[in-house]
Amino acid sequence: MSQTTAQTLKPMLIQGEWVSTPGQEFDVVNPATGTVNYRMSAADAQQVDLAVTTAHHAAHQLAWRNMLPHLRARLLMAIADGIEARKEDLARCQMLENGKVWSECLAQAGSAAATFRYYAAVCETMVSEVTPSRGAYLSMTRYEPYGVVAAITPWNSPLTMEAQKVAPALAAGNAVVLKPSEVTPSGALLLGEIALASGLPAGILNVVTGLGGVTGKALIEHPLVRMISFTGGTATGRAIGVAAAQRLIPTALELGGKSPHILFADANLSAAVDGVVDGIYEGTGQSCVAGSRLFVQRQVLDEVLDRLMQKANGIRVGLPDVADSEMGPAASFAHRDHIERYIQSARDEGGEILAGGYRPDAPELAQGAFIRPTLIAGLSNQAKAVREEIFGPVLCVLPFEDEDDLIAQANDTTYGLASGVWTADYQKAWRVADKLQTGLVWINTYKQLSISTPFGGYKDSGLGREKGLSGMRLYQQSKGIYWSMNPNNMP
Ligand code: NAD
């Protein structure tokens, strides 16, 4: 694929070819400057059909389906090396499209390479099982690919999300049709280019770009798609779950969150406040695991609010490619409007805005979708800004009295993705972690993640677990085989 400029139309990747749909295009905008990066071709139902049919045929080629695990692992390692070699190009795609600061984009590109390496190792070492038999037969469980996996990703951390889906799906022997967010499509295309150059057969990884309601919808409804792996908002995930249920195909749904971050009075306040600040403001708060509801034990509330105000006011909001910027813009202008509506709702419901709540006034940021890190106190656990996912740099702080009160408030949410607990009392940490209804709990730390630990939500935060060994099993179906040792003597 050639270098692009603001006027370039970027094509998509189907069957190893770069193709575009005449007349169907959309703009990809840099949220830090408001300028159009490039135009992107949008796949209509016909092109989605071509991509899925291509993937279906590719998935059933014996050379791919029966590729020996050590050779498949070698291919995944080659893709990892390709990602590493083009880390800066991938990071730039993301920075220009969602406005994350450069250091974070670079780290996420590195983590995408690490994900391919991890699933290369999983592919080579994961075993089938011989199960206990109850007669003169051998019984075993084999794991086989589904065929075509539709992978649909959001805009907040596309490089990591796309690697988290594509690497295990390929390791398991599937073919993939990847539909990235219309806000951040080009990293996925570059991943496709890297995979092809690394020796992945044409048609095994296809990338279709376009809007969710057109391209995404055509993809999830395609009869040859055998599994859907989706990361995005809960409402979209629910609709995809319904469509998949109609067709009786499995889905993995990684959805939204409203994670409780909990600070007991006996915690190391300085470390805890740093963890809280990173936990909400990193990535402009556009993280599914953002600790957006902070519960502070009443006796340290004032001190914690003072410390948080200082930290939030000190965050350097700036252009993502400027070295000392700590926080970039919201990923789009529409998303900044959405964040601002929640801040207004907090004001309307009696919340006190202790920091931020407005756009920065630096002239160089005037054309971008910037918003200051925002700290809100005085809301009840029932307020709109406390209950709904804002997905922005907005922290709502609520007091709690004791453990029972805390657990009741923290679990009083439809979401259940992540939580964090800060305390010096290890028994309390254990008790609270046990009672929190979330798929992840951090104790005296926050947002530490490892590719080897399964990740996913309770309640409306999703279904299934990505990452780890279970992340590979998501993309496999099991086949039980009974093999008689005594065929002349049936029971
Ligand atoms: P979104 O649900 O609007 O879109 C996600 C993807 O789905 C995009 O590619 C979009 O084009 C596509 N899509 C939209 N409608 C579709 C339809 N009808 N059929 C098929 N595809 C469709 O989400 P977003 O705004 O891009 O991302 C933000 C959301 O993602 C937040 O809620 C966040 O919490 C969630 N998220 C969750 C995780 C997790 O791992 N749990 C990680 C990151 C983001």
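Summary table
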read-out	value
Enumerated strands (runs of 3 or more DSSP E) restricted to segment 78-171, each holding at least 1 residues that are surrounded by 24 or more Cβ atoms within 10 Å (Cβ to Cβ)	148-152
Candidates Ala244, Ala331, filtered to the one that is open to solvent by less than 10 Å² (accessible area, probe 1.4 Å), under 21 Å from Gly99 (Cα atoms) and within 16 Å of the ligand (Cβ to nearest atom)	Ala331
Lone unmet requirement of (1) open to solvent by 50 Å² or more (accessible area, probe 1.4 Å); (2) assigned by TED's automatic domain parsing to the domain that holds His335; (3) within 30 Å of Ala114 (Cβ to Cβ) for Val421	(1)
Evaluation of Trp442 against (1) more than 16 Å from the ligand (Cβ to nearest atom); (2) touching a helix residue (DSSP H, G or I) at 6+ places or on another chain (Cβ under 9 Å) (one fails), failing number	(1)
Positions within segment 71-93 being within 27 Å of Leu319 (Cβ to Cβ) and either touching a Lys or Arg at 6+ places or on another chain (Cβ under 6 Å) or among the charged types (D, E, K, R) (or both), in sequence order	Glu84, Arg86, Lys87, Glu88, Asp89, Arg92
Pick from segment 358-388, criterion among the small types (Gly, Ala, Ser) and open to solvent by 20 Å² or more (accessible area, probe 1.4 Å), ranking: nearest to Thr234 (Cα to Cα)	Ser380
Single match in Lys435, Lys447, Lys428 (criterion: basic (Lys, Arg), open to solvent by less than 30 Å² (accessible area, probe 1.4 Å) and either closer than 29 Å to Gln164 by Cα or touching a residue at least 12 places away in the same chain (Cβ under 8 Å) (or both))	Lys428
So Ala42, is it more than 16 Å from the ligand (Cβ to nearest atom) and over 18 Å from the mean Cα position of the chain (by Cα)	no
Every residue from segment 47-77 that is open to solvent by less than 20 Å² (accessible area, probe 1.4 Å) and of a type in the set (Ser, Thr, Tyr)	Thr54
Candidate set from segment 206-227 (those that are open to solvent by 10 Å² or more (accessible area, probe 1.4 Å) and in contact with a strand residue (DSSP E or B) (Cβ under 9 Å, 6 or more places away or on another chain)); member that is nearest to the ligand (Cβ to nearest atom)	Gly212
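The values are calculated or read from the model by the stated rules, or taken from the named source; none is laboratory data. Keep in mind the model is a prediction, meaning the values are calculated, not measured. FYI the Cβ positions are ideal-geometry reconstructions off the backbone, even for glycines, and counts take in every protein chain you see. Quick note on the areas: whole protein, heavy atoms, side chains included, nothing else; ligands and nucleic acids left out. Shrake-Rupley method; radii C 1.70, N 1.55, O 1.52, S 1.80 Å.
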